[in-house]
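One structure, as structure tokens, below. Some questions next.
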Amino acid sequence: MNQHAAMEDKTLDLIDLKAKARKETGKTEVRSLRRQKNVPGIVYGPKMDPLMLSVDMSDLDKIVRENGYSGVFLKLAVDGDSKRARTVMLKEVQMDTFAIDYYHVDFQEIDMDTELTVTVPVEAVGECKAVKDEGAFLQVIRRELDVICKPSDTPEVIEVDISGLELGDSIHVEELDLGENVQIPFETNFTVLTVVPPDTEEEEEEEELEEGEALEEGEEAESGTEDAEETSD
């Protein structure tokens, strides 16, 4: 049973982003940039020397919030760069634990005619009767998948149709057909999502609860032993 992602013909829209070249790399420079609401970063590629830069934090935040982190392509214009603008992919964004402050951003220069690996989110579509009528649960094992394609063929999301699934059914990676221009690299035919009976979820919750209770009892016993030792001393 092949599952097909919704692959619509589209043109790749590049997001405009301005940046400034920077030379200093020490902690003092980085802290100064962040105080000025700028994010230190770098752009690199196979045909260029790495270029250190900084971008406005509000500009970066807007792009991330509207487009996410994966499969984001930009036209990057760096003030001080020898090249007027570069076609790049947002490669990595480093943030604090609470996803409030941006620490660093990486851009990778790309060739529009060369295939590259992009991480794409997985989304279940359709209505599964087992979930609706039998109380089953849909477990999405892989919420993201790597694909290999040209930038212009990159899907925004991999939509997996679950309408034909019954209780106990699973969809594996080799069943996904994204078209001839997009490939999913894999060595093992792993499970992408599965439909499980309701008691499976309940058993997992009970096991987690029992593990938590056992941990608390162990901590209480350890605490009691320490108290007894202190008393005897």
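The values are calculated or read from the model by the stated rules, or taken from the named source; none is laboratory data. Predicted, not measured: the structure shown is a model, and the values here were computed from it. In this analysis, Cβ positions are derived from the backbone assuming ideal geometry, glycine residues included, and neighbour counts consider all displayed protein chains.
GLY41 - would you say it is in a loop (DSSP other than H, G, I, E, B) and in contact (Cβ under 8 Å) with a residue 24 or more places away in the chain?
Working: in a loop (DSSP other than H, G, I, E, B): no; in contact (Cβ under 8 Å) with a residue 24 or more places away in the chain: yes.
It is false that GLY41 is in a loop (DSSP other than H, G, I, E, B) and in contact (Cβ under 8 Å) with a residue 24 or more places away in the chain.
Follow-up. Considering each residue of segment 44-78, count those that are of a type in the set (A, V, I, L, M), in a strand (DSSP E or B) and within 19 Å of ASP113 (Cα to Cα), and give that number.
Number of matching residues: 3.
Just to be sure, is GLU92 assigned by TED's automatic domain parsing to the domain that holds SER32, among the acidic types (Asp, Glu) and assigned to a helix (DSSP H, G or I)?
It is false that GLU92 is assigned by TED's automatic domain parsing to the domain that holds SER32, among the acidic types (Asp, Glu) and assigned to a helix (DSSP H, G or I).
Something else about it: Do we find a residue being assigned to a strand (DSSP E or B), of a type in the set (D, E, K, R) and either in the same structural domain as ILE42 (by TED's automatic domain parsing) or free of Cβ contacts under 8 Å to residues at least 60 places away in the same chain (or both) anywhere in segment 124-146? Walk me through how you get there before you give the answer.
If we filter segment 124-146 for residues that are assigned to a strand (DSSP E or B), which is where we start, we get 124-125, 137-140, 144-146.
Next, only the ones that are of a type in the set (D, E, K, R) stay: 144, 146.
So of that shortlist, the ones also either in the same structural domain as ILE42 (by TED's automatic domain parsing) or free of Cβ contacts under 8 Å to residues at least 60 places away in the same chain (or both) come out as 146.
There is at least one residue in segment 124-146 that is assigned to a strand (DSSP E or B), of a type in the set (D, E, K, R) and either in the same structural domain as ILE42 (by TED's automatic domain parsing) or free of Cβ contacts under 8 Å to residues at least 60 places away in the same chain (or both).
Among residues belonging to segment 49-98 that are small (Gly, Ala, Ser) and free of Cβ contacts under 8 Å to residues at least 12 places away in the same chain, point out the one that is surrounded by the most Cβ atoms within 10 Å (Cβ to Cβ).
We begin by selecting, within segment 49-98, every residue small (Gly, Ala, Ser); these are 54, 58, 68, 70-71, 77, 80, 82, 85.
Filter again for free of Cβ contacts under 8 Å to residues at least 12 places away in the same chain, leaving 82, 85.
Values: SER82: 9, ALA85: 15.
Ranking the qualifying residues of segment 49-98, first place goes to ALA85.
Taking segment 99-115 as the region of interest, how many residues are of a type outside the set (Ser, Thr, Tyr), surrounded by 16 or more Cβ atoms within 10 Å (Cβ to Cβ) and under 17 Å from the mean Cα position of the chain (by Cα)?
4
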